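The values are calculated or read from the model by the stated rules, or taken from the named source; none is laboratory data. Because the structure is predicted, anything quoted here is derived from the model rather than measured. All Cβ positions, even for glycine, are placed from backbone atoms using ideal geometry, and neighbour counts span all protein chains on display. Note: accessible area is taken over every heavy atom of the protein model, side chains too, but ligands, DNA and RNA are not part of it. Shrake-Rupley method; radii C 1.70, N 1.55, O 1.52, S 1.80 Å.
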Amino acid sequence: MQELVRGMRKQMFVDGQFSTSSTGETFAVFNPATGDEIAQVPDASNDDVDRAVKSARHAFESDAWRTIVPAARERLLLKLADLLEANGDEFAALETLNQGKLLGFSKMLEVGGSVQWLRYMAGWATKIEGSTIDPSFGFPPGVRYNASTRRVPVGVVAAIVPWNFPLLMAVWKIAPALACGCTVVLKPAEETPLTAIRLAELAHEAGFPPGVFNVVTGRGETAGAALVKHPQIDKVAFTGSTEVGRIIGKQCGGDLKRVSLELGGKSPVIVLDDCDPRKAIEGAVGAIFFNQGQVCTAGSRLYVARSRFDEIVSGIASVANATVLGSGFDAGTQMGPLVSAKHREKVAGMIVQGAREGGEIIAGGKDVERPGFFVRPTVISNSDKKPLSIVKEEVFGPVLVAMPYDDIDEVLAVANNSEYGLGASVWTNQLDRALRLVDGIEAGTVWVNTHNMLDPALPFGGFKSSGIGREHGKAIVETYTETKSICIAY
Ligand code: NAD
């Protein structure tokens, strides 16, 4: 697999060309399944960020992009989707090597999902429209007015993304931004820059003019912060932690830059006493352990009706105990590594703290004796509902905390007792109870008898500290355009 990386250009992509950092500095990228270094990529300086933003600004204002008709933008995005599909095996392998996820998920979600999103968003390029309005001005006498609105691209977009779904999170931003006529500077996470670099190369091959799509590889506090602050950036589209989201939101608020924030979560999974236990166990396992729990909507708080608590929680613990850990490339592997040594230490520390505060570890929680950044799927029973920090704080790893409840009002109150509001799921066969919970839960997405199902047509985003703005669906037109009102006297 290492040949994959050896064969690719590991550089930034600015103004249609590969380049090193202006300082020559680089940082290491690892294979999380072994802990081995697999590449060095440029550590972008402020000058590099400035060059990328200026290139995107120049492209935005150039005739090559500004006057391009919507159908041509659509065709370019469709071409990019075709190229990604054609190179899908390479991209999937690169993502598994760099991020650690199972190869099947890299194929289905990183590549398959990205192709699906690109094609869906390509269609929006030709469907952006305004409205006509009859104003009521009564003067000067005899003069009439024709008024309308149109949506115009917001401008140069800084897209800053995390490492959990490197390619998909990038495409979630790039595809709608380009469909709406913006230009983009993408900063992938420092842990997982490789597929973003390759995607830029494909965009160039698809025919996007130089500067329309740039990639700077760099660290958050330096390159990321420089991008956010750059005066020629019109909008920041960020996915990442709530902590960094607050910093970015503050900066953009001061600069009055447009900003959309997709942030953290602590999503509740609520199992009612009438549930089908087999489905509820499978569902709760998928909700928390998929992608090693490194999912913003991971169902990390489990609330089970007291009469079913032992049955459901021990069922989940049995699955966790039997889970086979290994490289994402091995067919028998059911769970891969976490993304980095640093993240593994953070997750392991939170498990220890959960136990110290009185949680009972009934699965996992032990060190994994192998190289790489592994954490066993862990289930913490909190049957007497102690105020554990792990119930409040996002772990972003394969760690579930389970609590019993006695009635629907109680579970609704505890489910909503969180600074986050990204996702939630309800497991029941009773429609009236499902709808009551759907009504009451404070979250951007509520699933019933399923979890983590996302679609390009379905708006996605957070309530409360889980974010501001929506991605996907027609909401993206508002995310990447401004309304211009036009008023003509005649
Ligand atoms: P992170 O916030 O540490 O980093 C995300 C990105 O921001 C990275 O590219 C990083 O380099 C950059 N960054 C860091 N500091 C910055 C700064 N000061 N200025 C500008 N950019 C900066 O998050 P992470 O650890 O990479 O990802 C995990 C987090 O992302 C979790 O909290 C998770 O819930 C969240 N997430 C949310 C969604 C969603 O759609 N709501 C999706 C995936 C992940």
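Structure data summary
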| quantity | calculated |
| --- | --- |
| Loop trypsin sites (Lys or Arg not before Pro), segment 111-161 (other Cβ atoms within 10 Å of the site Cβ: 10 or fewer; DSSP) | Arg144 |
| MRE, 222 nm, helices only [DSSP H, n ≥ 4, -39500 (n - 2.57), over the chain, to nearest 500] | -11000 deg cm²/dmol |
| Principal-axis tilt of helix 341-356 within the chain, Cα atoms, nearest 10 degrees | 40 |
| With Cα atoms, 0 to 90° folded angle of helix 431-440 axis to the chain main axis | 60 |
| Cα centre as origin, Lys/Arg/Asp/Glu Cβ charges: the chain dipole, Debye | 980 |
| Stretchable slack from Gln430 to Arg6, in nm (0.36 nm times residue separation minus alpha-carbon distance) | 147.1 nm |
| Extension reserve of the Thr34-Asp255 stretch, reckoned as 0.36 nm per residue once the Cα distance is removed | 75.3 nm |
| For Glu25, residues with placed amide H under 5 Å, excluding near neighbours | Asp43 |
| Relative contact order (percent, whole number), segment 367-427, Cα cutoff 8 Å, 6+ residue spacing | 30 |
| Separation of alpha-carbon centers, segment 220-291 and segment 404-468, rounded to whole Å | 16 |
| Förster-model FRET efficiency, 35 Å R0, Phe18 and Arg66, C-beta, rounded to 0.05 | 0.85 |
| Rounded to 10°, Cα long-axis angle of helix 242-255 versus longest principal axis of the chain | 20 |
| Placed amide H near Glu482: partners under 5 Å, 5+ positions off or other chain | Val152, Val154 |
| Under 13 Å from Lys101, Cα to Cα: aspartates and glutamates that are on another chain or at least 8 residues apart | Glu110, Asp330 |
| Computed over segment 240-337: relative contact order in percent, which uses C-alpha pairs under 8 Å that are six or more apart | 25 |
| Long-range HN-HN contacts of Phe30 with modeled amide H, under 5 Å | Ile38 |
| Per-peptide average of other Cβ atoms within 10 Å, ordering 3-9, 432-438 highest first | 432-438, 3-9 |
| Segment Asp407-Arg150, length gained on full extension (0.36 nm per residue, minus Cα span) | 87.5 nm |
| For Glu482, net neighbour charge (Lys/Arg +1, Asp/Glu -1) across residues whose Cβ lies under 10 Å away | +3 |
| Relative frequency of Cα-Cα separations exceeding 42 Å in the chain, percent | 20 |
| Relative contact order [Cα under 8 Å, 6+ residues apart], segment 385-475, whole percent | 24 |
| Estimated dipole of segment 1-160 in Debye, rounded to 20 [Cβ of Lys and Arg +1, of Asp and Glu -1, Cα centre] | 780 |
| Shape parameters for segment 351-410, alpha-carbon atoms, Rg then Dmax in Å | 12.8, 46 |
| Note, ³J(HN,Hα) from phi for segment 186-203, Karplus 6.51, -1.76, 1.60, rounded to Hz, x at Gly and Pro | 9, 10, x, 5, 5, 6, 9, x, 5, 5, 5, 5, 5, 5, 4, 5, 5, 4 |
| Cβ-placed point charges (K, R +1; D, E -1), dipole of segment 207-345 about Cα centre in debye, nearest 20 | 540 |
| Unit charges at the beta carbon, dipole of the chain: most positive-side option, Thr297, Ser45, Pro210 | Pro210 |
| Under 16 Å from the Cα of Lys266 - aspartates and glutamates, other chains or at least 8 residues apart | Glu243, Glu393, Glu394, Glu419, Glu442 |
| Accessible area of segment 106-179 divided out per residue, in Å², using a probe of 1.4 angstrom | 41 |
| Most positive-pole-ward Cα, Pro32, Val368, Gly123, against dipole of the chain from beta carbon charges | Gly123 |
| Selection from Met350, Val399, Ala158, by position along the positive dipole direction of the chain (Cβ) | Ala158 |
| Where a label projected 7 Å from the Cα of Ser485 along Cα→Cβ would reach, residues of segment 122-138 with amide N under 19 Å | 129-138 |
